[in-house]
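The values are calculated or read from the model by the stated rules, or taken from the named source; none is laboratory data. All values reported here derive from a predicted model rather than from experimental measurement. Note that we place each Cβ from the backbone using ideal geometry, even for glycine, and neighbour counts take in every protein chain shown. Calculation scope for accessible area: heavy atoms of the full protein, side chains included, ligands and nucleic acids excluded. Shrake-Rupley method; radii C 1.70, N 1.55, O 1.52, S 1.80 Å.
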Amino acid sequence: SIEPCIKYLSDALDMKIINKHIDQYYLSGRKNLANCNIKERIITIDLSVVNTIRYLFTLCHEFSHFLLHKNVVIKQSEYETVSDDFFKYKSKKDNLITDRDWVEWQANELAVNLILPEVPFKAKVSQLLGEMGRTIDLPFYLGHHYSNYKEYNRLLDNLSKHYHVSRTMISIRLNYFGLVHDQKNTKGLSNWGDSFDKVS
């Protein structure tokens, strides 16, 4: 959950987590929702993110910058010109062009792995499927029956509440680990649930 993460960052790593209004916008009009001052060991998150499903991912994203990018310098122009629809978690590596693309992709990847590591995540999925009365054998097959999708949405809801992240992040993770097979959608499950929010 969120509170132990904040306590760990504060007690073990001497970091400060500050929730406050961030009055900063990029030239594109995109609001800066969070930032990490690596030198001062401070993560600041905008109040619009506090108490939302975006908070934990935003926190871990900024912490990932702290771990990975202490010696990285990105041109300000790359931050200023980034488009509003920028989000690289679902992008393939060959779609990453600028240094900023790589830095944000790396932070997103580490954040997701911190929140949803493979072994405990798979164990939780199996546990919830068992509680739902389904065979624990994976993958979870989605066919043409409404009941399958109803149960899948229930699984997304339960995992989202347990991990404090979006249904889309859960859906992508299930697909990534091969835990779900959608027989109707050959493009995968990335369109299920709500969308990732942009973080920087």
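A few comments on the model shown:
- Against the numbered list (1) in contact with a helix residue (DSSP H, G or I) (Cβ under 9 Å, 6 or more places away or on another chain); (2) at pLDDT 95 or above; (3) under 22 Å from K20 (Cα atoms), F121 comes up short only at (3).
- Between S10, S28, the distinction of being part of a helix (DSSP H, G or I) and among the hydroxyl-bearing types (S, T, Y) belongs to S10 only.
- Test: residue in region 64-76 that is more than 29 Å from S10 (Cβ to Cβ) and modelled with pLDDT under 90: yes
- Total residues in region 12-32, condition modelled with pLDDT of 85 or more and either open to solvent by 100 Å² or more (accessible area, probe 1.4 Å) or within 22 Å of L116 (Cα to Cα) (or both): 8
Each row is one residue, and each column tells you yes or no for (1) within 25 Å of F121 (Cβ to Cβ); (2) over 14 Å from the mean Cα position of the chain (by Cα); (3) at pLDDT below 75; (4) outside any helix (DSSP H, G or I).
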position: C5; (1), (2), (3), (4): yes, yes, no, no
position: E40; (1), (2), (3), (4): no, yes, no, yes
position: I43; (1), (2), (3), (4): yes, yes, no, yes
position: T52; (1), (2), (3), (4): yes, no, no, yes
position: E78; (1), (2), (3), (4): no, yes, yes, no
position: D85; (1), (2), (3), (4): no, yes, yes, yes
position: W105; (1), (2), (3), (4): yes, no, no, no
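- Filtered residue count, region 129-188, keeping only those that are of a type in the set (K, R) and at pLDDT 80 or above: 5
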